[in-house]
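The values are calculated or read from the model by the stated rules, or taken from the named source; none is laboratory data. Since this is a predicted model, take the numbers as computed values, not measurements. All Cβ positions, even for glycine, are placed from backbone atoms using ideal geometry, and neighbour counts span all protein chains on display. Just the protein is used for accessible areas: all its heavy atoms, side chains included, with ligands, DNA and RNA removed. Shrake-Rupley method; radii C 1.70, N 1.55, O 1.52, S 1.80 Å.
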Amino acid sequence: MKTTVGTDLLGALGPLSLAHPPGTFAPTPATFIALRAIAEHADLLRGQGLDWGSGIGCLAIAAARVPAVTHVLGLELVEANVAAAAENARANGVADRVAFVRADAYAPYEAAGREALERLAGRVGFLLANPPSSSPHGDGFEFRRVVMRGAGRWLVPGGVVFLSVSEQYGPERVRALETEAPGFRFDGVLASTDLVPFDMTRPDLAEDVATYAAAERRGGLPYLFRDPSAPDRRLTAIEALERHRTTGESPLSRWQSLRFTWQR
């Protein structure tokens, strides 16, 4: 399958055609808002970049279209995604400005990938990350903590992280990243949708809400959904899950990309 991302989203960066064969990552609403953040804040991107969890290359390829960007290295766990990303880079004319290596977080599997990443220590101007939800045994936020805890090693002072964090995670988890990843300052929302259904007909999103509700029951921080009938009313994950079970309605949230700046 292919997804085309037009100039209505990417503006001067131009359209992208992204192939995602069976078994590879398919772009999601979080992908599109991350792409919008890149297009609308291209002035923050320069020099060398990293794309953590690069999937089929969507964010890295878009960033490579920014004139001030010299190269982007994508780190991706799934081998089929790495192959698709390389092909997408060729198809979109940026194969000379991006590379993709198979990696578990910041740990490439092959020696060449480890060497390529190590050469970037302290030299990266920006890091892009649209992480998946983490395992159903956590609170769904752990991959974002992993991104931020490891990011500082690679960034130049003043370097930026564009991190996908949808609104339902709540402001407490976002602010806690400044403590959990010392040296970063949270600088607000780069791009956001309006309130939209957190579509629980999608099995992955339904599983996410069940994960969130379980975390709340264990005494974790509450989540921030909105009532579809009264958007000013907040719903916890437990309330959102119960409402869906009784009415079939999905809660509301916003897909967002946030900015963190490296201060060291």
- Task: Would you mind computing, in nm to one decimal, how far apart the modelled labels at S229 and M1 are, each placed 7 Å from Cα along Cα→Cβ?
- Result: 3.3
- Item | All-pairs alpha carbon distance profile, the chain, 10 Å steps from 0, percent | 7, 31, 35, 22, 5, 0
- Note on the structure: With the 1.4 Å probe rolled over protein heavy atoms, region 139-215 has an accessible area per residue in Å² of 38
- Note on the structure: Residues whose built amide H sits under 5 Å from the amide H of L50, excluding neighbours closer than 5 in sequence, are L73, F126, L127, L128
- Table column - 3J(HN,Hα) (Hz), region 243-256, Karplus curve with 6.51, -1.76, 1.60, x for Gly and Pro: 4, 5, 5, 8, 10, x, 7, 7, x, 9, 8, 10, 7, 9
- Task: Using packing as a proxy for protection, rank 233-239, 159-165, 18-24 so that the peptide with the highest average count of other Cβ atoms within 10 Å comes first.
- Result: 159-165, 233-239, 18-24
- Length-normalised contact order of the chain, Cα under 8 Å, at least 6 apart, in percent, tallies to 18
- Cα gyration tensor of region 129-179 diagonalised, 5x eigenvalues square-rooted, in angstrom largest first, produces semi-axes 20, 12, 10
- Dimensions of region 1-151 along principal axes (Cα, Å, largest first)? 38, 33, 26
- Taking a crude spin-label model, label points 7 Å out from Cα along the C-beta direction, the E142 to A112 distance in nm is 3.2
- Query: If each of A68 and R90 carries a label point 7 Å out from its Cα toward its Cβ, how far apart are those two points in nm?
  - Reply: 3.2
- Any idea of the accessible area per residue across region 1-136, 1.4 Å probe, to the nearest Å²? 42
- Query: If you place +1 on the Cβ of every Lys and Arg, -1 on the Cβ of every Asp and Glu, and leave all else neutral, what size is the dipole of the chain about its Cα centre, to the nearest 20 Debye?
  - Reply: 540
- Message: Report for the chain the percent antiparallel among DSSP-assigned beta bridges with both residues inside it, nearest 5.
- Response: 50
- Query: Which whole number in µm²/s is D for region 103-191 by Stokes-Einstein, with the Kirkwood Rh taken over Cα pairs at 25 °C and 0.890 mPa s?
  - Reply: 175
- Query: So what's the gap between the Cα centers of region 84-128 and region 183-232, to the nearest angstrom?
  - Reply: 30
- Vicinal HN-Hα couplings computed from phi for region 227-233 (Karplus, 6.51 cos²θ - 1.76 cosθ + 1.60; Hz; Gly/Pro x): 6, x, 8, 8, x, 6, 8
- Query: Does anyone have the angle between helix 79-91 and the longest principal axis of the chain? Alpha-carbon axes, 0 to 90°, nearest 10?
  - Reply: 60
